[in-house]
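All remarks here apply to the structure that follows.
The values are calculated or read from the model by the stated rules, or taken from the named source; none is laboratory data. These numbers come from a predicted model, not from an experiment. As a convention, Cβ positions derive from the backbone with ideal geometry for all residues, glycine included, and neighbour counts pool all protein chains shown.
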């Protein structure tokens, strides 16, 4: 019998429910069942697509139900949680499309004399059992980004959700199996601590691929722990946004009001570092502060709330300490930096922060945006690139040559022009460089990772 973990609301610490803290033996049993399913009940392409089509339709019909779960377990404001549920619908739709067109290619064997009379082609076959380790910040859509492509590829999954946000995954698994036709042994949800359940997945010899979203420290430790497995890592960032002298700073300020503080900044592409040309810096800061001070801080279940609690008290205290450290070392808190009556950290804008401060150099993963002035674009590009992360970056400019220079110079997985670095389409190749990871997600790209090429020769 598994021990039980109580899951509490990040906002008011109320118990939401309990989950089992599973053992290594239970993980082993789940992997064994998944492996048997792959060999005894392979899914044809039409069936994979049908399951995913139904998943999208069922999830769309149950959007509000899933949004409420997300809001309760993650303290994500309910209106933001609905957006996440809607995105997950699209993720399943894109995965269904990939299931319908998964194919190999013809190989011209008779291009050499010994190949004359032979026919060669490749098939895309499932890589095997997928071990999926999901984060807390998008407990539905980022799980969909792992499950959707795996189903499209024909791979069974053993899924470990974040212990803080397990209920979205559990409800989704129930829906996929009970309502969408996914065979039960194609999806097992294993709950518990990373040191037990997570490591058991990473170490298991019958797990062919690990897909992980989370911190760089944990991600790279998984990569080192499983050198013979295919390991896809989507990790952290401290996303920079450059606003040049000709850039639309007013639009940028309005967008950063959302991009820097949605889900209390707990997104790996949350806009964190803003570099603004000296000529417009004062106007931009005034506009950004005015926007940020209109954000409603409070209960995630309240329709008016824009920003709620961080995922834990310890995370709140860490972020608050970084803000205080920056202030003590000479930075200016333009707004925020304090706790409300419920202990929620208010959205914070920091100016005059130095590059080496934690709020600039590291991933804050909280409701904090720093603003730094620059005099020339080359300086801004160099500051943006001076980071151990490399997920997404952006620039605001009306000059096409400046935009192209930024696209060519910014060493990031994605570069956006006249948009914040927080924007993402679920079908795009999404991923980063350096400490930000080693893969590209998006159903079309994940499916390729979750399949192997099988060469076929007919004589």
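Here are some notes:
- Flag if residue 59 is outside the structural domain of residue 260 (by TED's automatic domain parsing), free of Cβ contacts under 8 Å to residues at least 60 places away in the same chain, crowded, with 23+ Cβ neighbours inside 10 Å and under 24 Å from residue 178 (Cβ atoms): no
- Strands (runs of 3 or more DSSP E) within segment 127-205 that include 3 or more residues within 19 Å of the chain's Cα centre (by Cα) and in contact (Cβ under 8 Å) with a residue 12 or more places away in the chain: 129-133, 157-160
- Restricting segment 70-83 to residues that are over 17 Å from the mean Cα position of the chain (by Cα) and over 12 Å from residue 9 (Cβ atoms), the residue that is surrounded by the fewest Cβ atoms within 10 Å (Cβ to Cβ) is 79.
- Set 459, 436, 446: member being buried (at least 16 other Cβ atoms within 10 Å of the Cβ) and out of contact with any helix residue (DSSP H, G or I) (no Cβ under 6 Å at 6 or more places or on another chain): 436
Per-residue answers, yes or no, for (1) in contact with a helix residue (DSSP H, G or I) (Cβ under 6 Å, 6 or more places away or on another chain); (2) outside any loop (DSSP other than H, G, I, E, B); (3) on the phi < 0 side of the Ramachandran plot:
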position	(1), (2), (3)
285	no, yes, yes
291	yes, yes, yes
302	no, no, yes
309	no, no, yes
316	no, yes, yes
320	no, yes, yes
324	no, yes, yes
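- Considering segment 214-277, the qualifying strands (runs of 3 or more DSSP E), each wholly inside and each with 2 or more residues that are modelled with pLDDT of 95 or more, in the same structural domain as residue 161 (by TED's automatic domain parsing) and closer than 30 Å to residue 147 by Cβ, run over 230-234.
- Residue ID - nearest to residue 262 (Cα to Cα), chosen from residues in segment 356-377 that are surrounded by fewer than 20 Cβ atoms within 10 Å (Cβ to Cβ), in contact (Cβ under 8 Å) with a residue 60 or more places away in the chain and out of contact with any strand residue (DSSP E or B) (no Cβ under 9 Å at 6 or more places or on another chain): 362
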